[in-house]
Ligand code: AMP
Ligand code: GLY
């Protein structure tokens, strides 16, 4: 098979690596890819991001299957466009992708199908939103309706903070339109988990759970980032939590997907909050998480291409995904200064003493030399039978990966 993989992050390097392991795969074009996919077995980067150009490329190269990494092309209808041309693609159609593309749409869907989630109100009028802030309990959560590159959520401790957030979204328009509509949501206290899963529209199979570490500093301090590392499986996802999730979130979501008649053969990622009052759904993502993918796919033993094909043929009810029963963590090495300002272009060296995989993200290959090219530069994997072993392995591997100004958290896997 010839595959086309869309995206350029650490998630896509992990996807490319995993897909390349399939005996069925002969070649993977990665558009636009990064320094990791540039040097990965069977892979070749192609510098295309425009959807119409991607369609033309898939036709010219006679691509057998296209896999989409990030949310933007999905919410912009890439699946519809590929299918219209008779091209095989894995991912939800544009209408279903609004489960991630619009918070008000996804919250309405959750409410309609009884999916357990925080109470909320939707606003398109700033005066009404400000009036609501007079009487709502604090802390409260203000969310931009549209995609805001993971920055559209403000946890507000008091009215002043909430007023500032609402005004910046709705009046100053800091998200270029994505915050013109907002939701204000009940604050939930608990521990988060990422449950990536695959659906064919009739069945959902959850993957191994993950635990992201969003803040930049140890102990969960400092500003939020795209994610500084992931532990899989997530130790807070006990059997009881999983049952709660399956009954009150997953099964009801599936009913909703069926009843809405969504064309959904793709990934559905549940961001959940485990609280004293039970397990709540915070959000849907219609793609794999980054850096969740790096840990979760590392534990997948099944051929991922076969799993995807089963979804495309609506055969997930007959599919069993095999997993390594160990523990995987990935620790993100970031550029000094991230998530604020940072410099790029520093040479990256990865010694052969590294025992496990290093997935590259904000990195490019220039004349065979790897250089930093983003905030989150790469993920170093650690694998073990236990969490302790996985942590030891990851932090040992990090000793053999260098670039100027490399920063990482030292508590991945241990912080609550
Ligand atoms: P979201 O994009 O909706 O997942 O929100 C991003 C992050 O904000 C989540 O991963 C949580 O850490 C936090 N968050 C979102 N909604 C809530 C909520 N209702 N209560 C507490 N924290 C939340
Ligand atoms: N790591 C969280 C996400 O991909 O949305």
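The values are calculated or read from the model by the stated rules, or taken from the named source; none is laboratory data. Only a predicted model underlies this, so the values are computations on that prediction, with no experimental measurement involved. FYI the Cβ positions are ideal-geometry reconstructions off the backbone, even for glycines, and counts take in every protein chain you see.
Residue-by-condition table, conditions (1) surrounded by fewer than 22 Cβ atoms within 10 Å (Cβ to Cβ); (2) over 21 Å from residue 103 (Cα atoms):
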| residue | (1), (2) |
| --- | --- |
| 228 | no, yes |
| 246 | yes, yes |
| 249 | no, no |
| 254 | yes, no |
| 266 | no, no |
| 286 | no, no |
| 301 | yes, yes |
| 309 | yes, yes |
| 315 | yes, yes |
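List the number of the failed condition for residue 101; all other conditions in (1) in contact with a strand residue (DSSP E or B) (Cβ under 7 Å, 6 or more places away or on another chain); (2) within 16 Å of ligand 1 (Cβ to nearest atom) hold.
The failed condition is (1).
Quick one: which of 8, 22 is within 24 Å of the chain's Cα centre (by Cα), surrounded by fewer than 21 Cβ atoms within 10 Å (Cβ to Cβ) and in contact (Cβ under 8 Å) with a residue 12 or more places away in the chain?
Every option except 22 fails the conditions.
So, restricting to strands (runs of 3 or more DSSP E) that lie completely within the range 311-415, which ones have at least 2 residues that are without any contact (Cβ under 8 Å) to a residue 40 or more places away in the chain?
369-372
Within the range 202-223, count every residue that is more than 10 Å from ligand 2 (Cβ to nearest atom) and under 26 Å from residue 154 (Cα atoms).
11
It is to be established whether one or more residues within the range 245-263 are in contact with a strand residue (DSSP E or B) (Cβ under 9 Å, 6 or more places away or on another chain), under 21 Å from residue 232 (Cα atoms) and within 16 Å of ligand 1 (Cβ to nearest atom).
yes
Can you work out which of the residues in the range 281-304 that are more than 16 Å from ligand 1 (Cβ to nearest atom) and touching a helix residue (DSSP H, G or I) at 6+ places or on another chain (Cβ under 6 Å) is nearest to residue 380 (Cα to Cα)?
By that ranking, first place goes to 294.
Being within 9 Å of ligand 1 (Cβ to nearest atom) and surrounded by fewer than 19 Cβ atoms within 10 Å (Cβ to Cβ) is the filter here; which residues of the range 121-147 pass it?
139
Within the range 191-226, can you find the residues that are assigned to a loop (DSSP other than H, G, I, E, B), within 14 Å of ligand 1 (Cβ to nearest atom) and at pLDDT 95 or above?
Matches in the range 191-226: 213 only.
So, residue 23, is that one modelled with pLDDT of 95 or more and in contact with a strand residue (DSSP E or B) (Cβ under 8 Å, 6 or more places away or on another chain) or not?
It is false that residue 23 is modelled with pLDDT of 95 or more and in contact with a strand residue (DSSP E or B) (Cβ under 8 Å, 6 or more places away or on another chain).
Restricting to the range 202-215, give me the number of residues that are surrounded by fewer than 20 Cβ atoms within 10 Å (Cβ to Cβ) and either under 14 Å from residue 269 (Cβ atoms) or out of contact with any helix residue (DSSP H, G or I) (no Cβ under 7 Å at 6 or more places or on another chain) (or both).
The total comes to 4.
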